[in-house]
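Trainee: What follows is a single structure, and I will ask about it in a moment.
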Amino acid sequence: MFTFTIDYFILIILASIGVIQLGALYGGLKGLLFSKSIVFTHFVGFSLPVTAFTWFFMTDSRNINDYAGGLDSNIQALLFFLGALTGWILTTILSFIINIHMKRKDLSPFEGLDSLKKTNYFNALIFNLKYWRSNWRLQMKRYLLR
Amino acid sequence: MASTDEALFVAINGLVGQSHLVDEIVTLIVSDYLVPAGLGLLLLAMWFIGKSQNIREEYQIGVFVCLTSMALSNLAVLVINIFYSRARPFIDHDVNLLFYEPTDPSFPSNSIAATCGIAMGIWGVNRRLSIMPLILVGFYGLARIYAGIHYPLDIIGGAAIAALVTFFVFKLSKLVRPLLTGVLRIGRILCLA
């Protein structure tokens, strides 16, 4: 049960890193990419999920009932969420290190993911948090009820 | 109707053993971890694609719709199973089983209702993007009949429930759109949406 859980968790982490790369590429979110090369990003985006699924299914028998060591649907959904979240965190850290010099001053606090077209994740996050810390009273009503 | 359903099941499941390669592929497709995880990953990709903020917002609301459709389709199956419980094919028939023996009722197919809920949700957002998931879910359904764990009517029932639920979820999403947009705006503060 424990090994199965860990295996599934690793599968989702690896696959989600690849999928986020593809999503970021098609969304033009350069600050999230590991490389500026479209070919390399496609390679990482497709090869990571394919390798992860191949490893998962090749290493053990995966058609197991949940009471016999498999995962029930609730645990599976929870692990998927945690795995995708871990994949997202690893992506932001790695892309920050790779794109550390990607800094822009003309950011807007309302852009969200769109700001990653111009800068890396942590630069955008710090900019947003600074802005919202000093303007949250003023902006909250206007922004949320806009 | 029931006899046709069973006859069709026997015909499809009777193909097991004729090709080792097909059996292996079906064993892979029918797994609880391939198609559901694949669709989940597609939703994750959908969160990021979209060249502008407005397009991305449509996709992100679509992700909420897909997840809600999946959850409500599962709930609908659960409610139906309180009133109606059909035994799995391997209980009543001599079946070539390629999967473990599930303990929940056969009709309607819970797995198909959930995965179809996601695929039809994607169809509501982007027709082109939904082609691959719909084909995948089609194979998933066929594989579950081939593997001996569902009758064809279970699959059709699961898909019909998902279609109905997704339709209502899309209608509902228009009503709660300001709430969803508000959630996305909060996500934008943390550069998550």
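The values are calculated or read from the model by the stated rules, or taken from the named source; none is laboratory data. Note that the coordinates shown come from a computational prediction; the quantities given were computed from them, not determined experimentally. Here Cβ is always computed from backbone atoms with ideal geometry, including for glycine, and neighbour counts include all displayed protein chains. Surface accessibility is based on the protein's heavy atoms, side chains included, excluding ligands, DNA and RNA. Shrake-Rupley method; radii C 1.70, N 1.55, O 1.52, S 1.80 Å.
Trainee: Rounded, prolate or oblate for chain B? Axes are the square roots of the Cα gyration tensor eigenvalues, ordered a ≥ b ≥ c, and the cut-off for rounded is a/c under 1.5.
Mentor: prolate
Trainee: Work out the mean other chain Cβ neighbour count within 10 Å for the residues of A:127-137 and drop it here as an integer.
Mentor: If you average over the peptide's residues, the count of other-chain Cβ atoms is 1.
Trainee: Considering only protein heavy atoms, what per residue accessible area in square angstrom results for region A:6-45 with a 1.4 angstrom probe?
Mentor: For region A:6-45, the solvent-accessible area averages 35 Å² per residue.
Trainee: For the protein assembly as shown, give the magnitude of the charge dipole about the Cα centre (Cβ charges: +1 Lys/Arg, -1 Asp/Glu; no others), in debye to the nearest 20.
Mentor: 2820
Trainee: Give me the Å³ per residue figure for the convex hull around the C-alpha atoms of region A:1-139.
Mentor: Per residue, the Cα convex hull of region A:1-139 comes to 130 Å³.
Trainee: In the protein assembly as shown, carbon and sulfur make up what percent of the accessible area (probe 1.4 Å)?
Mentor: In the protein assembly as shown, the share of accessible area belonging to carbon and sulfur is 71 percent.
Trainee: Here's another thing I want to ask about it. Checking an interface number: how much accessible area is buried between B and A, summed over both chains, with a 1.4 Å probe, in Å² rounded to 100?
Mentor: 3200
Trainee: Which three extents, in angstrom, do the Cα atoms of the protein assembly as shown have along their principal axes, listed largest first?
Mentor: Reported extents, whole Å, longest axis first: 70, 43, 35.
Trainee: While we're looking at this one, here's another question. Would you tell me the accessible area of A:SER73, worked out with a 1.4 angstrom probe on the heavy atoms of the protein chains, in Å² to the nearest 10?
Mentor: We get 80 Å² for A:SER73.
Trainee: Then there's this: Can you find, among B:LEU97, B:GLN53, B:SER85, the residue sitting farthest towards the positive end of the charge dipole of chain B, where Lys and Arg contribute +1 and Asp and Glu -1 at Cβ?
Mentor: B:GLN53
Trainee: Given B:LYS51/B:LYS174; A:LYS130/B:LYS174; B:LYS51/B:LYS171; A:LYS105/B:LYS51; A:LYS30/A:LYS130, which pairs have Cα atoms separated by over 28 Å?
Mentor: Distance filter (> 28 Å) returns A:LYS130/B:LYS174.
Trainee: Among B:PHE170, B:PHE107, B:PHE90, which one shows the biggest mean-square fluctuation in a GNM of chain B, springs joining Cα atoms closer than 10 Å?
Mentor: Fluctuation is largest for B:PHE90.
Trainee: Quick check: with the 1.4 Å probe, what order do A:TYR131, B:TYR33 take by accessible area, largest first?
Mentor: From most accessible down to least: A:TYR131, B:TYR33.
Trainee: Follow-up. So what is the accessible area of chain B per residue, in Å², with the probe set to 1.4 Å?
Mentor: With the other protein chains kept in place, chain B gives 46 Å² per residue.
Trainee: Between B:ILE91 and A:SER73, take the C-beta separation as r, use R0 = 22 Å, and let me know the FRET efficiency to the nearest 0.05.
Mentor: Once rounded, the FRET efficiency stands at 0.50.
Trainee: One quarter of the convex hull surface, Cα atoms only: what value does that give for region B:1-57 in nm²?
Mentor: So the Cα hull casts an average projection of 6.9 nm².
Trainee: Based on the mean of other beta carbon atoms within 10 Å per residue, what is the order of B:151-157, B:113-119, A:58-64, most packed first?
Mentor: So the order, starting with the most tightly packed, is B:113-119, B:151-157, A:58-64.
Trainee: Just how much of A:TRP132 is accessible, in Å², when a 1.4 Å probe is used and the result is rounded to the nearest 10?
Mentor: The accessible area comes out at roughly 20 Å².
Trainee: Nothing charged except the Cβ atoms of Lys and Arg (+1) and of Asp and Glu (-1): what's the magnitude of the dipole of chain A about its Cα centre? Round to the nearest 20 debye.
Mentor: That gives chain A a dipole magnitude of about 1240 debye.
Trainee: Are there any residues in region B:18-41 with a reduction of at least 40 Å² in accessible surface when going from the isolated chain to the assembly of protein chains? Probe 1.4 Å, please list them by number.
Mentor: B:TYR33, B:ALA37, B:LEU41
Trainee: Running Debye on region B:7-91 with equal point scatterers at the Cα sites and no solvent, what base-10 log of I(q)/I(0) appears at q = 0.14, 0.18, 0.20 Å⁻¹?
Mentor: Those come out to -0.79, -0.97, -1.02, one per q.
Trainee: Name the most mobile residue of A:PHE80, A:PHE110, A:PHE122, meaning the one with the largest mean-square fluctuation, in a Gaussian network model of chain A with Cα contacts below 10 Å.
Mentor: Between A:PHE80, A:PHE110, A:PHE122, it is A:PHE110 that shows the largest mean-square fluctuation.
Trainee: Measuring from label point to label point, each 7 Å out along Cα→Cβ, what is the B:ILE186 to B:SER19 span in nm?
Mentor: 5.1
Trainee: Now for a separate question. Å³ per residue of the Cα convex hull, for region A:32-94?
Mentor: 95
Trainee: A further question on this structure: Evaluate the charge dipole of region B:1-69 about its Cα centre and quote only its size in Debye, nearest 20, assuming +1 on the Cβ of each Lys and Arg and -1 on the Cβ of each Asp and Glu.
Mentor: Roughly 380 debye, rounded to the nearest 20.
Trainee: Tell me the Rg and the Dmax, in Å, that the Cα atoms of region B:60-99 produce.
Mentor: Taking only Cα atoms of region B:60-99, I get Rg and Dmax of 15.7, 46 Å.
Trainee: Continuing with the same structure: Over all residues in B:80-88, what is the mean tally of Cβ atoms on other chains that come within 10 Å of each residue's Cβ?
Mentor: Across the residues of B:80-88, the mean count of other-chain Cβ atoms within 10 Å is 0.
Trainee: Test of understanding: in a Gaussian network model of chain A with alpha carbons linked when under 10 Å, which of A:GLY83, A:GLY28, A:GLY18 would top the mean-square fluctuation ranking?
Mentor: Highest fluctuation of the listed residues: A:GLY28.
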